[in-house]
Amino acid sequence: LKETAVVILNYNGLGFLKQFLPNVIENSPEADVIVIDNCSSDHSLAFLKDNFPQIQVICNEENFGFAGGYNHGLAHILHKNYVLLNSDVEVTPNWLVPILNRAAENPNLAAIQPKILDYNKRDHFEYAGAAGGFLDKYGYAFCRGRVFDTVEKDLGQYQTPTDIFWSTGACFFIKSKVFKELGGFDERFFAHMEEIDLCWRIQNAGFGIQYEPN
């Protein structure tokens, strides 16, 4: 068993699995790639069985949303590290190495987010997470590289590892022990904001969260 699981939550995402899963498998040799299926009604499960029989698939008995879907699925995954990855994300070669190294070097670090760039405009940050999340004084969530609808070009301005307030659920490294101790995501959120809530609780528990630019 590898120490790390890259876990993709799927709900009727057959097109995304076809497009992105081969890339994730190819570029993640350090991890086991696992799919949690949120009771899809498309041909996702048959596609996985026929094309990726080596991949573990966990089937939820209903669509529990993002928060509940991950909570139910991760209960069956015993790896030391989880990397929660949206099904529509392309990863680059060796993407996990800097994250895993940083986590291993920092026992108090519970969660890490990589740099997230736009799939279609690759020199710009991606709205969902960009270079790490913060809250303003009114409690409004924003990211470095993305404020409201303005998304910055990546000019190397965010190349320093930095403590952040929240890591995006689009690509979310978390130590499984911390995830389980804190009770996972709050399922009342269903989808959206659940990762910010969890990150807040991570910090209240005395752990750190960082952005890894490499």
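The values are calculated or read from the model by the stated rules, or taken from the named source; none is laboratory data. These figures come from a predicted structure and were not determined experimentally. When we count neighbours, we look across all protein chains shown, and the Cβ atoms used for this are built from the backbone with ideal geometry, even at glycine. The accessibility values were calculated without ligands, DNA or RNA, using every heavy atom of the protein model including side chains. Shrake-Rupley method; radii C 1.70, N 1.55, O 1.52, S 1.80 Å.
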Inset, instruction - Assess whether ASP149 counts as being acidic (Asp, Glu), farther than 18 Å from ILE99 by Cβ and either out of contact with any strand residue (DSSP E or B) (no Cβ under 6 Å at 6 or more places or on another chain) or in contact (Cβ under 8 Å) with a residue 60 or more places away in the chain (or both). - result: yes
Legend entry - Checking SER87 against (1) open to solvent by 10 Å² or more (accessible area, probe 1.4 Å); (2) closer than 24 Å to GLU181 by Cβ; (3) in contact with a Gly (Cβ under 7 Å, 6 or more places away or on another chain), the condition it does not meet: (2)
Inset, instruction - Taking GLY169 as the residue in question, decide whether it is at positive phi and part of a loop (DSSP other than H, G, I, E, B). - result: no
Inset, instruction - Return the pairs, sorted by first residue and then second, in which the second residue is among the hydroxyl-bearing types (Ser, Thr, Tyr) and not in a loop (DSSP other than H, G, I, E, B), the first residue lies in region 11-34 and is under 24 Å from LYS80 (Cβ atoms), the beta carbons are less than 7 Å apart, and the residues are 6+ apart or on different chains. - result: GLU30/THR4; ALA31/THR4
Inset, instruction - Please list, ordered by first then second residue, the pairs with beta carbon atoms under 6 Å, 6 or more apart or interchain, first in region 94-109 and within 19 Å of TRP200 (Cα to Cα), second open to solvent by less than 50 Å² (accessible area, probe 1.4 Å) and assigned to a helix (DSSP H, G or I). - result: LEU109/ALA103
Inset, instruction - Would you check which residues across region 103-112 are out of contact with any Ser or Thr (no Cβ under 6 Å at 6 or more places or on another chain), surrounded by 12 or more Cβ atoms within 10 Å (Cβ to Cβ) and under 30 Å from GLY65 (Cα atoms) and list them? - result: ALA103, LEU109, ALA110, ILE112
Legend entry - Matching option when the condition is over 27 Å from HIS72 (Cβ atoms), of a type in the set (A, V, I, L, M, F, W, C) and out of contact with any Asp or Glu (no Cβ under 6 Å at 6 or more places or on another chain), among PHE173, PHE148, PHE179: PHE148
